[in-house]
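Inspection log for the structure reproduced underneath, given as structure tokens.
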């Protein structure tokens, strides 16, 4: 049932930031694109993640976002999966750790992200295919 690969459902057109970017940049991306996770990359290499929850728990005034660097607040200990991993593996990670997104990497380079919503949408459309 969930034996297809993560590559089949992951998002590949990602909004990313660099470690030197400001937290204000992250906030703008989150709001403009209605997403909850922004990968942090150095070139193509994944080095961290900033989420809406991170912003919530930071206790930093919004006026200080311009002066706060992503590298100061990003999560660096990340669960990651590869494009060839099964969708069920991603679901297991979400259930075990209560995550809602897992970056997809190949040789350390960010190639996508899969979210709990991606899996929900995948399962829903399998059960209720769109009508032509």
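The values are calculated or read from the model by the stated rules, or taken from the named source; none is laboratory data. No experiment lies behind these values; they were computed from the predicted model shown. Here Cβ is always computed from backbone atoms with ideal geometry, including for glycine, and neighbour counts include all displayed protein chains.
Listed values, structure above:
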read-out: Failed item, numbered, when residue 90 is tested on (1) free of Cβ contacts under 8 Å to residues at least 40 places away in the same chain; (2) surrounded by 15 or more Cβ atoms within 10 Å (Cβ to Cβ); (3) assigned to a helix (DSSP H, G or I); value: (1)
read-out: Subset of region 1-15 [under 24 Å from residue 66 (Cα atoms) and either without any contact (Cβ under 8 Å) to a residue 24 or more places away in the chain or in contact with a helix residue (DSSP H, G or I) (Cβ under 9 Å, 6 or more places away or on another chain) (or both)]; value: 15
read-out: Selection status of residue 85, within 19 Å of residue 18 (Cα to Cα) and more than 15 Å from the chain's Cα centre (by Cα); value: no
read-out: Selection from region 16-35 of residues that are surrounded by 17 or more Cβ atoms within 10 Å (Cβ to Cβ), within 23 Å of residue 106 (Cβ to Cβ) and touching a helix residue (DSSP H, G or I) at 6+ places or on another chain (Cβ under 6 Å); value: 17
read-out: Residue list for region 68-86, restricted to those being out of contact with any strand residue (DSSP E or B) (no Cβ under 7 Å at 6 or more places or on another chain) and part of a helix (DSSP H, G or I); value: 71, 72
read-out: Every pair of residues 6+ apart whose Cβ atoms lie under 7 Å, when the first sits in region 110-130 and is at negative phi and without any contact (Cβ under 8 Å) to a residue 40 or more places away in the chain while the second is surrounded by 11 or more Cβ atoms within 10 Å (Cβ to Cβ) and in a helix (DSSP H, G or I); value: 116/94
read-out: Failed criterion for residue 97 (all others in (1) over 24 Å from residue 5 (Cβ atoms); (2) exposed (fewer than 12 other Cβ atoms within 10 Å of the Cβ); (3) at pLDDT below 95 hold); value: (1)
read-out: Test: residue 63 is in a helix (DSSP H, G or I), without any contact (Cβ under 8 Å) to a residue 60 or more places away in the chain and either surrounded by fewer than 18 Cβ atoms within 10 Å (Cβ to Cβ) or in contact with a strand residue (DSSP E or B) (Cβ under 7 Å, 6 or more places away or on another chain) (or both); value: yes
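Okay, residues lined up against (1) assigned to a loop (DSSP other than H, G, I, E, B); (2) on the phi > 0 side of the Ramachandran plot; (3) in contact with a strand residue (DSSP E or B) (Cβ under 7 Å, 6 or more places away or on another chain):
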site	(1), (2), (3)
15	yes, no, yes
26	no, no, yes
32	no, no, no
41	no, no, yes
53	no, no, no
57	no, no, no
